[in-house]
Amino acid sequence: MQAINKAISGLNPIAIFIIGSLARGEFVMGMSDIDLMVIVSGEPPFRAKVIGSPLGDVEVMVYTLDEFCKHHTDNNIMLESLRIGIPIISDPEELMKQCKR
């Protein structure tokens, strides 16, 4: 969890989902990375970041809420987060409610 906190430092996330091999149950220690999709309300200070960790690199992909609301049906990362993502902050249902506001 320390690596995740370090990876999202400087962001004010409204949603965070673990995606990729860890969410699919295919994570291999020492070979896989930890993929995060982060949604923020305003313009983020960065769009992507990789932080080293003993468990595997933590790779962060950052989108604004507006981007998510516009592209959640045609962006593979966003689609994966809604289908199989493991919510850390918020959940798919709550995130979709925010898109309708």
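Descriptive notes on the structure:
- Residue satisfying all of: in the range 68-85; surrounded by fewer than 15 Cβ atoms within 10 Å (Cβ to Cβ) and of a type outside the set (Ser, Thr, Tyr); nearest to residue 17 (Cα to Cα) among these: 84
- Pairs meeting the criteria (first residue in the range 62-84 and farther than 12 Å from residue 39 by Cβ, second residue at pLDDT 95 or above and in a strand (DSSP E or B), beta carbons under 7 Å, at least 6 apart or on different chains) are 80/19.
- All told, residue 23 falls short of being over 18 Å from residue 91 (Cβ atoms), small (Gly, Ala, Ser) and over 10 Å from the mean Cα position of the chain (by Cα).
- Just so you know, in the range 43-59 the residues that are of a type in the set (Gly, Ala, Ser) and closer than 8 Å to residue 3 by Cα include one that is surrounded by the fewest Cβ atoms within 10 Å (Cβ to Cβ), and it is 52.
- Every pair of residues 6+ apart whose Cβ atoms lie under 8 Å, when the first sits in the range 6-33 and is loosely packed, with under 14 Cβ neighbours inside 10 Å while the second is modelled with pLDDT of 90 or more and of a type outside the set (A, V, I, L, M): 10/45; 10/46; 12/41; 12/42; 26/32; 28/21
- In the range 73-101, of all residues being more than 13 Å from the chain's Cα centre (by Cα) and under 16 Å from residue 14 (Cβ atoms), the one that is modelled with the lowest pLDDT corresponds to 101.
The values are calculated or read from the model by the stated rules, or taken from the named source; none is laboratory data. Just so you know, these numbers come straight off a predicted model, no measurement behind them. Quick reminder, even Gly has a Cβ in these numbers, built from the backbone with ideal geometry, and neighbours come from all protein chains shown.
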